[in-house]
Each structure stands twice: as structure tokens, then as C-alpha cells.
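Worksheet for the structure shown next.
The values are calculated or read from the model by the stated rules, or taken from the named source; none is laboratory data. Every value quoted in this text rests on a predicted model; they were computed, and no experiment measured them. Using ideal geometry, Cβ is built from the backbone for each residue, glycine included, and neighbour counts are taken over all protein chains shown. When the accessible area is computed, the model is the full protein with side chains, heavy atoms only, and any ligands, DNA or RNA have been set aside. Shrake-Rupley method; radii C 1.70, N 1.55, O 1.52, S 1.80 Å.
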Amino acid sequence: MGVLVNYFDRVNLSVSHQALITTFGISAVTFGYLSGAYNWTYAMFQLPIGVLLDKFGIRRVGLIGTFLWGIASFGAAITPNLGGFFAARLLLGVGEAPTFPANAKAIGYWFPAKERCFATAIFDSAAKFSSAIGVPIIGILLLKVGWRWSFAITGIVSLIYFLFFWKIYRDPNDDPKLTDAERRHIADDAEPEVVDDRLRGNASLGFLLRQRKVLAMVLGFGSYNYVFYLLLTWLPSYLSSALHIDLLHSFLYTGVPWLVATAADLIVGGWLVDGLIQRGVNANLVRKIVLIGGTALGLGIIGAAHAHTPARALLWISISIGGLSAAAPVGWSIPSLIAPRHSVGKVGGIMNFSNQISGICAPIITGYVVAATRSFAWAFGVSAVYLLIGIAAYIFMLGKIEPMPPETQPAA
């Protein structure tokens with residue numbers, strides 16, 4: 001639910017592109033910077049958030065973050081100028097910074113490793129489903145009542161979620177309703193790696209940043225998020241300007257690739273991966289095939305660069321974001337599989353820091369390229385090059401998905 005609301009806040013901006021041009025007179029380049037503003041603070045807070053999550057827990061950090069992102073939506077709705085809008089987007093990044101690292105940490109607490117991919121897919125697919133339903137709903141809302149009310153309504157939804165999270169979420173050790181049988185199920189695991197001593201204890205941020213497995217995820221997941229944010233922020237504009245589709249239909253068509261992405265996330269990245277592992281197929285092999293194969297399908301973005309009809313463009317974009325979405329739950333399950341239990345938040349923060357650097361760069365670079373070339377072809381080409389780097393990192397740097405060697409203490 002939290003991720004779903006998160007992405008309503010994020011897609012609100014891409015839907016409001018034309019309305020913001022009318023209100024503030026922004027250019028394609030300015031829109032690119034505005035789209036990336038949220039990610040600046042989101043990225044800046046990823047490493048500190050990982051430390052705070054490991055120290056203070058998911059519930060306390062999550063409540064503060066949820067309250068802040070709701071306030072940011074209201075701020076965007078009432079701002080009188082472009083500077084105020086930028087400030088609201090920066091605050092939104094602060095508030096939403098804990099979401100994915102906290103979810104990755106919660107999955108590690110609440111599920112045995114053999115169930116984590118599907119559990120991860122449930123929250124990760126919400127990011128895609130939010131775009132599938134959010135773009136049409138918010139688009140129609142914007143056309144009916146204006147962009148300011150669309151931001152205000154997402155702010156109201158965010159505060160409702162704040163109360164929902166406060167009422168429901170607890171860690172397993174703090175949940176009085178958790179039965180002994182459920183506790184045993186969480187602790188039970190067929191994979192020997194989860195009882196490995198390397199998954200106990202803690203590790204420093206500096207140590208984690210030097211690990212090849214962590215760096216592989218930084219590059220691989222960074223390439224995934226570059227394409228994700230390119231499409232999240234520019235897809236309605238691409239359909240309306242490059243393919244000459246009217247605004248209402250561009251909102252409706254935008255939902256198609258995101259529905260494909262939602263299905264691929266849940267069915268392939270979640271249900272299929274966990275199902276194969278529970279049937280005794282080599283867990284490392286299954287995860288690596290989906291991770292690398294899904295990212296390779298992301299190269300379908302090149303096909304969209306040369307599409308001349310909406311149907312062909314949507315086909316290639318659906319292949320691209322569908323493949324990447326299938327890989328995403330596997331990627332988000334990896335921190336809890338390779339890091340010590342009390343360092344999962346840090347590894348999730350490191351990965352998401354890389355993700356948000358990509359999230360900053362994708363809309364800005366796309367804005368410059370589109371402004372200079374009057375075409376999306378080169379913008380999509382840049383994303384394909386980054387994907388090739390990410391695939392190489394998974395193949396040559398990640399190695400076996402297993403616990404990292406423990407951090408050795410310096411001699412006295």
C-alpha cells in the first residue's frame with residue numbers, strides 16, 4: 001500500500017507536464033530537472049536512512065517519512081511559484097527515502113528466504129501498478145479539476161496511509177498477534193545459507209561499499225532504475241509528442257506497459273522464482289537467470305526508439321519494462337541474502353542510492369537530448385548502453401548469491 005501511494009505522488013508530475021508548462025512556462029530541460037528534483041534528496045538520504053533503519057527500526061523511521069511525504073504533496077498543490085514546487089519535490093524525496101530499504105528489511109524479518117521473492121514482488125509490483133492505474137486516474141482528475149487538486153488529493157491519500165501504517169505495522173518481535181507457529185515458520189528455511197554465521201551481526205558502511213557483490217548490485221540496479229525513471233517521467237510526453245497522440249489517450253495508453261510490468265513482477269519475479277526454489281531447483285541459478293535475463297529484455301527500449309506507430313512503441317516498451325520488472329524482486333531480495341541481518345538496511349540504502357542517481361540523471365539527460373534532437377531515439381539509446389553495463393556487472397561481479405565474507409576487525 002505504501003509503495004502504491006508513493007508512486008501516485010511520483011507519476012503526478014509526469015501527468016501534469018502540460019499543465020505545468022501553462023502555469024510556470026517551463027521548458028523540456030526545466031521539466032527534466034523538476035522530474036529529477038525528488039530524486040536528489042531521495043538519493044542523498046539513502047545511506048543515512050540505511051543506518052537509521054538498522055538503529056531505530058522500520059516503524060519509527062517509516063512513520064516520520066510517511067508524514068513528510070504527505071505534507072510535500074500539499075505543498076506542491078498550494079505553491080505560488082516554480083521555486084516552491086521544487087522545494088515540495090525535494091521534501092517528497094526526504095519523506096519517501098525510507099520506503100524501499102525499509103520494505104527490503106521488513107521482508108527479511110517477516111519471510112524465510114524461500115518466500116522472499118514473491119513477498120518482494122508484491123511491494124515492488126505496486127510501483128508498476130501505481131503507474132498503470134495512477135496515470136489514467138490522475139490524468140482524468142487533472143483534466144476535470146486541475147493539477148493543484150490532483151496533488152492535494154494524493155496528499156490526502158498519503159495521510160490516510162500514515163494512519164494505516166501506524167495502526168498495523170510491527171516487527172515480528174513486537175507483534176503480539178504473532179503465534180508461535182508463525183514464528184517457527186519465519187525461522188524455518190530449507191536453504192543452508194540463512195543459518196550461515198556470516199548472516200549474523202553487523203558490518204560497517206565502508207566494508208559494504210568495498211564488496212564486489214554490492215558494487216554489482218549498484219551498477220545492475222542503477223541501470224534498471226534509469227530506464228524505469230525515463231519511462232515514469234517521460235512516457236506520456238513521448239506518446240503525445242513523438243507519436244502525436246492526444247493527451248487523454250496518452251494517459252490511457254501509458255497504463256498498458258505498466259500493467260505488463262505488474263504482471264511480470266508478480267508472476268515471474270515473484271511466484272515463479274519462489275516456486276522453482278521451493279521445488280528444489282538451484283536457488284542461485286534461478287535468481288541469476290531471472291536477474292540477468294530480465295535486465296537483458298530491458299534492451300527492448302531500443303525497439304521503441306525506432307517505432308513509428310503507438311502499437312509498435314507500446315509493444316517494445318512493454319517488453320523492456322516487463323523484463324526489468326521481472327528482475328526487480330530478485331534484486332530487492334538480494335540484500336537480505338548477502339548481508340548480515342543487522343546490515344540489510346545499509347545494503348538496501350546503498351542500492352537505492354545508486355537507483356536514485358539514475359533517477360536524477362534519466363529525466364535530465366532525456367530532457368537535454370530531446371531538446372537538442374527533437375527525438376527520443378538517442379535518449380532511449382543512452383539507456384540501452386547503461387543496461388549493457390548493468391548486465392556485465394551481474395555476470396562478472398555478482399558471483400554466487402550467498403553471504404559475503406565477514407568483516408575482519410583490525411589487529412590491536
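Which of the residues spanning segment 166-185 are among the polar types (S, T, N, Q) and within 29 Å of the chain's Cα centre (by Cα)?
N173
Among the β-branched types (V, I, T), surrounded by fewer than 24 Cβ atoms within 10 Å (Cβ to Cβ) and over 17 Å from the mean Cα position of the chain (by Cα) - does that describe any residue in segment 140-150?
Yes, segment 140-150 contains at least one residue that is among the β-branched types (V, I, T), surrounded by fewer than 24 Cβ atoms within 10 Å (Cβ to Cβ) and over 17 Å from the mean Cα position of the chain (by Cα).
What are the pairs, 6+ residues apart or on separate chains, where a residue within segment 136-149 that is farther than 21 Å from W258 by Cβ has its Cβ under 6 Å from a residue that is open to solvent by less than 70 Å² (accessible area, probe 1.4 Å) and part of a helix (DSSP H, G or I)?
That search, which allows pairs on different chains as well, returns R148/A77.
Hey, among A88, A72, which residue is without any contact (Cβ under 8 Å) to a residue 24 or more places away in the chain, buried (at least 20 other Cβ atoms within 10 Å of the Cβ) and either in contact with a helix residue (DSSP H, G or I) (Cβ under 8 Å, 6 or more places away or on another chain) or at negative phi (or both)? Don't jump to the end; show me each part of the working.
On the way: A72 fails: without any contact (Cβ under 8 Å) to a residue 24 or more places away in the chain.
Answer to the check: A88.
In segment 171-185, which residues are of a type in the set (K, R) and not in a helix (DSSP H, G or I)?
K177, the sole residue that qualifies.
Out of (1) open to solvent by 60 Å² or more (accessible area, probe 1.4 Å); (2) within 30 Å of Y368 (Cα to Cα), what's the single condition that is false for T30?
(1)
Conditions first: (1) open to solvent by 10 Å² or more (accessible area, probe 1.4 Å); (2) under 23 Å from L47 (Cα atoms); (3) of a type outside the set (K, R). I122 passes all but one, so which condition is the exception?
(2)
Mind checking which residues of segment 333-353 are open to solvent by less than 10 Å² (accessible area, probe 1.4 Å), of a type outside the set (A, V, I, L, M) and closer than 23 Å to Y38 by Cα?
Once the filter is applied, which keeps residues that are open to solvent by less than 10 Å² (accessible area, probe 1.4 Å), of a type outside the set (A, V, I, L, M) and closer than 23 Å to Y38 by Cα, segment 333-353 yields G345, G348, G349, N352.
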